[in-house]
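Below is one structure, written out as C-alpha cells; the observations come after it.
The values are calculated or read from the model by the stated rules, or taken from the named source; none is laboratory data. Keep in mind the model is a prediction, meaning the values are calculated, not measured. We place every Cβ from the backbone using ideal geometry, glycine too, and count neighbours over all the protein chains shown.
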Amino acid sequence: MKTDRIMLIDPAGDDAGFLVKKQNMRPLKKMGTYRSGVIRCLLMITLACGSVLPSCGGGRTVEQAVPPPSVQYVIGPEDLIKIDVWKEPELSQSVPVRTDGKISLPLINDVYVVGLTPLALQQELTQKLSKFVENPTVSVIVEQINSLKIYVVGNVNNPGVFDVKREINVLQAISLAGGFTEWANKRKIKIFRKQGGAEQIIEINYNKITSGKHPELNIPLQPGDSIVVP
C-alpha cells in the first residue's frame, strides 16, 4: 500500500513569531498593570497563532499526495448481484449471474454483465431503465463472489485451481499455492488474463513487490486469471 506524503512549508522560518524581548517596566498602578498584562498575552497568542496553526492564517501549506486508484473487481458467472433502484422496490432485487453471463430484470429483461465492473453495470442499467423510469438512481453491489477461480501453475509447491470468495492479489495467490519451489524464477512471473475477448499477458517481478519499492505490482486478480511461475 502506498503511504501519503505530507510536506509542510513555512516561509516565515521555524522561529518566526517567538522573538519576544523582555523590557524593564516601571511599577504601574493596579489597573495599568492589569491592562499591560492583557495586551502582552494577546500579542504572544497572535504571534504564536501565525506561526503554529495553519487555520489561523499563517504561512503554512499542507500538500497531500493522492494515492492511485486500485483495479476494480469485474463480475463473473455465478456471482450474486444486488441491484437497488431508488423508490422502485419492484425493480430492486438480488440476482445471480447465469452461466451464460447474463442477469434477468423486470422491464429490461436479459443483460450481459460478465466482464463489467459494478460501476459500469450501474451506468448501463441506468441507461436502460431511463426508458421506463424518470431519472432512475441505480446502485450495484456484488453480494457474493462465486466466480473468482484462480489458476497457479509452474514452480510452486501446490499448483492448482483455487476457488476463493473474495478478491485477492498476487502475493496472496502465491501463498495459497504453497509458495515457490527452490528453482522458481521470481522475476519472470506471468499472469494470463482474458480481456475483451483477447488474452493479455502481465509480467510481474515478485522481488520488486516484496522489496517494498513497487507495491503497485501486487495487483488484484480477476476471475479466470492464470499465474505461471517459470
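A few remarks follow.
- Residue in the range 141-160 that is surrounded by the fewest Cβ atoms within 10 Å (Cβ to Cβ), counting only those that are part of a strand (DSSP E or B) and modelled with pLDDT of 95 or more: Gly160
- Selection within the range 82-110 - β-branched (Val, Ile, Thr), over 27 Å from the mean Cα position of the chain (by Cα) and in a strand (DSSP E or B): Ile103
- The criterion of being of a type in the set (A, V, I, L, M, F, W, C), part of a loop (DSSP other than H, G, I, E, B) and modelled with pLDDT under 90 does not hold for Val62.
- Within this structure, Thr181 fails the test of being among the hydroxyl-bearing types (Ser, Thr, Tyr), closer than 30 Å to Pro106 by Cα and out of contact with any Pro (no Cβ under 9 Å at 6 or more places or on another chain).
- Some residue of the range 125-132 being part of a helix (DSSP H, G or I), touching a residue at least 12 places away in the same chain (Cβ under 8 Å) and within 13 Å of Ile81 (Cα to Cα): yes
- Of the criteria (1) under 25 Å from the mean Cα position of the chain (by Cα); (2) crowded, with 16+ Cβ neighbours inside 10 Å; (3) hydrophobic (A, V, I, L, M, F, W, C); (4) at pLDDT 95 or above, which one Val228 fails: (1)
- Selection status of Pro136, assigned to a loop (DSSP other than H, G, I, E, B) and in the same structural domain as Leu107 (by TED's automatic domain parsing): yes
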